[in-house]
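**Student:** There's a structure below that I have some questions on.
The values are calculated or read from the model by the stated rules, or taken from the named source; none is laboratory data. As the structure is a prediction and not an experimental result, all values here were calculated from the model. With ideal geometry, Cβ positions are generated from the backbone for all residues, glycine too; neighbour counts draw on all protein chains shown.
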Amino acid sequence: MALLPEVKKHYGMQKLFINGEWIESKSPVVNVNTNPTTGEEISTFPAATKEEARAAVEAAQRAFVHWKDMPMRDRASLLFDMRSRFKESTEELSRVLVQDHGRTIEEARGSVARVIENIESACSALYGLTKQNEHMEQVATGIDQYLTWEPLGPFLIITPNNIPMHAWSSFVPYALAAGCTVVVSPSRQVPVAAEYVCRVAQEVGFPPGVINMLHGGREINEQIMRQPEIQGLGFIGSNSAGHELFDLCGKLKKPSSINGNGKNHVVIMPDADINQSAQWLVRACFGMGGQRCLGADSIVVIGDKYDELKSKFKEAVMGVKLGYGLDEETELGPMVSKSGKDKVLAWIDGALAEGASMVLDGRNPSVPDYPNGHFLAPTILENFNVDMNAAKEESFGPVAALVRGESLEQAIEWINTKTNLGHSACIMTGSGKSARQFVREVNVGNVGVNVGVAQPFAFFPLGSRRESFVGSAKSRMASMRLFMDEKTVCMRWI
């Protein structure tokens, strides 16, 4: 099948978005951005200066003064318009995401659909604020009390390289619905996707300064967080960066939502449909190249169907087509970066050194049309031990490790004790009793039953636990409690 057209071959020198204007940075530092499939340069982008970061914060603060007082129905109208604009731009955004990130076009379209769902959820949250406000008359003689929620102010939103658009929508629409303004600092590995999602949002007509975006890095992010106008942080990314920011937020006494790494398991029970389970595992382990916080790389098989599951799983991924995601027949794109690919290779080498063995080796795939792409094919390991170092850290690539288990209780114990991470866990079973036990006892924030990925819909928070999440509120719908605070009013008029 012919490739779908690229939106642009090269996007030029990218700009910063501050106070409603796209401006050329004065920074002497210019970075090169490449297409992870072809290895070709597709844009250059600046590292924002401290002065430009300060300007973005000041713009967000000026805008907040008026944005918070905009009538609710007017904010809602802009959010509804933003939903329509994203829907109209789905194909353009999807192709940009493929070109900048490396995923398949089908996965990219799904990601934009998640953005739209989050905007819808933010609209629902805005109207839901009326139900959170509580009023009680005559709590004492002549005294009435009521509870209201108020927006806090400008927030810094930091988005990652694996889900640049989806992560943006996990915070920004909710912040705007709450009455807050934002400064967005995207991953430097996907700058084009970050720019386009900002452009589509701004085309709706938000007042200048409500949404700001600049290309920064750790130093600039810390500078922004230290600005007194910035009230808090929404972050999705690695634990190392997230926990550093959490410590900083603690010192600054600012609220945060820090969503980090996962180490997710899928448990296959003896009564599971093995054919169906193998198909679900393909998406769970290899979807988006394994670069998803809710993807799995540890497969625990209980009972005597280990060999059957291994055979069916291997068969399901043999011959997966690697290539450019703009080819609609492509089933697996490249890793988003060479450094990401190298980390996955190091993870595999570490597991093999600890005693794991190879079932399917995808480390050196042949992709003749794209020899400079960061490709890894599906890789399956076995003889995997839950006490290995590799069993405690996610591979974050297209890798699955098969583990033999003796009982559901043992699998739950492994999930709860062998790693400090708690994004998600799934179980494949036909038993309601087993499913109920798993749901109640497994110590993770997102649980799946007969699904490969425990993906919450936008109306639910990303309920991660343990070191996978730190902060004062979860993302998505729950982030309204990040962006707002309570005020209790006591009145006497008689």
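**Student:** Among the residues of the range 56-93, what is the count of those that are more than 24 Å from the chain's Cα centre (by Cα), under 23 Å from Leu16 (Cα atoms) and of a type in the set (Lys, Arg)?
**Tutor:** Summing the residues that are more than 24 Å from the chain's Cα centre (by Cα), under 23 Å from Leu16 (Cα atoms) and of a type in the set (Lys, Arg) in the range 56-93 gives 1.
**Student:** Kindly establish whether Val449 is touching a residue at least 24 places away in the same chain (Cβ under 8 Å) and of a type in the set (Val, Ile, Thr).
**Tutor:** no
**Student:** Looking at (1) crowded, with 18+ Cβ neighbours inside 10 Å; (2) closer than 24 Å to Gly289 by Cα; (3) modelled with pLDDT under 95, which is the one condition that is false for Pro36?
**Tutor:** (3)
**Student:** Kindly indicate whether any position in the range 364-382 is at pLDDT below 95, surrounded by 19 or more Cβ atoms within 10 Å (Cβ to Cβ), of a type outside the set (Gly, Ala, Ser) and touching a Pro at 6+ places or on another chain (Cβ under 6 Å).
**Tutor:** No, the range 364-382 has no match at all.
**Student:** Is it true that Glu58 is closer than 30 Å to Asp327 by Cβ, at pLDDT 95 or above and out of contact with any helix residue (DSSP H, G or I) (no Cβ under 7 Å at 6 or more places or on another chain)?
**Tutor:** no
**Student:** Oh, and also: Please return the ranges of helices (runs of 4 or more DSSP H) entirely within the range 152-235 where 2 or more residues are among the polar types (S, T, N, Q).
**Tutor:** In the range 152-235, the matching helices (runs of 4 or more DSSP H) lie at 218-226.
**Student:** Turning to a different aspect of this structure: Consider the range 85-100. How many of its residues are touching a helix residue (DSSP H, G or I) at 6+ places or on another chain (Cβ under 6 Å) and either in the same structural domain as Gly373 (by TED's automatic domain parsing) or free of Cβ contacts under 8 Å to residues at least 12 places away in the same chain (or both)?
**Tutor:** Going through the range 85-100 one residue at a time, the tally reaches 0.
**Student:** Of the conditions (1) part of a loop (DSSP other than H, G, I, E, B); (2) buried (at least 24 other Cβ atoms within 10 Å of the Cβ); (3) modelled with pLDDT under 90, Lys474 fails just one. Which one is it?
**Tutor:** Among (1) part of a loop (DSSP other than H, G, I, E, B); (2) buried (at least 24 other Cβ atoms within 10 Å of the Cβ); (3) modelled with pLDDT under 90, the lone unmet condition for Lys474 is (2).
**Student:** What's the number of the only condition in (1) in contact with a strand residue (DSSP E or B) (Cβ under 6 Å, 6 or more places away or on another chain); (2) more than 19 Å from Met335 (Cα to Cα); (3) in contact (Cβ under 8 Å) with a residue 40 or more places away in the chain; (4) not β-branched (Val, Ile, Thr) that Ala400 fails to meet?
**Tutor:** Of the numbered conditions (1) in contact with a strand residue (DSSP E or B) (Cβ under 6 Å, 6 or more places away or on another chain); (2) more than 19 Å from Met335 (Cα to Cα); (3) in contact (Cβ under 8 Å) with a residue 40 or more places away in the chain; (4) not β-branched (Val, Ile, Thr), the odd one out for Ala400 is (2).
**Student:** Further, regarding this structure: Taking Ala113 and the conditions (1) hydrophobic (A, V, I, L, M, F, W, C); (2) modelled with pLDDT of 95 or more; (3) surrounded by 19 or more Cβ atoms within 10 Å (Cβ to Cβ); (4) within 26 Å of the chain's Cα centre (by Cα), which numbered condition does it fall short on, given that it satisfies the others?
**Tutor:** (3)
**Student:** Further question: Can you tell me which residue among Lys338, Lys314 is of a type in the set (Lys, Arg), closer than 30 Å to Ser434 by Cα and in contact (Cβ under 8 Å) with a residue 24 or more places away in the chain?
**Tutor:** Lys314
**Student:** In the range 193-237, what residues are surrounded by fewer than 24 Cβ atoms within 10 Å (Cβ to Cβ), of a type outside the set (D, E, K, R) and closer than 28 Å to Ser337 by Cα?
**Tutor:** Tyr196, Cys198, Val200, Gly217, Ile220, Asn221, Gln223, Met225, Gly237
**Student:** Among the numbered criteria (1) more than 16 Å from Gly287 (Cα to Cα); (2) part of a loop (DSSP other than H, G, I, E, B); (3) of a type outside the set (A, V, I, L, M, F, W, C), which one does Gly319 miss?
**Tutor:** (1)
**Student:** Sticking with this one: Given (1) assigned to a loop (DSSP other than H, G, I, E, B); (2) without any contact (Cβ under 8 Å) to a residue 40 or more places away in the chain, where does Glu394 come up short, assuming only one miss?
**Tutor:** Going through the list (1) assigned to a loop (DSSP other than H, G, I, E, B); (2) without any contact (Cβ under 8 Å) to a residue 40 or more places away in the chain, Glu394 breaks only (2).
**Student:** Look at Thr159 and say whether it is crowded, with 23+ Cβ neighbours inside 10 Å and among the polar types (S, T, N, Q).
**Tutor:** Answer is yes for this residue.
**Student:** Can you pull out every residue in the range 420-437 that is buried (at least 20 other Cβ atoms within 10 Å of the Cβ) and under 25 Å from the mean Cα position of the chain (by Cα)?
**Tutor:** Residues satisfying the conditions are Leu421, Gly422, His423, Ser424, Ala425, Cys426, Ile427, Met428.
**Student:** Kindly check whether there is at least one residue in the range 219-231 that is of a type outside the set (A, V, I, L, M), under 22 Å from Thr49 (Cα atoms) and touching a Cys at 6+ places or on another chain (Cβ under 9 Å).
**Tutor:** yes
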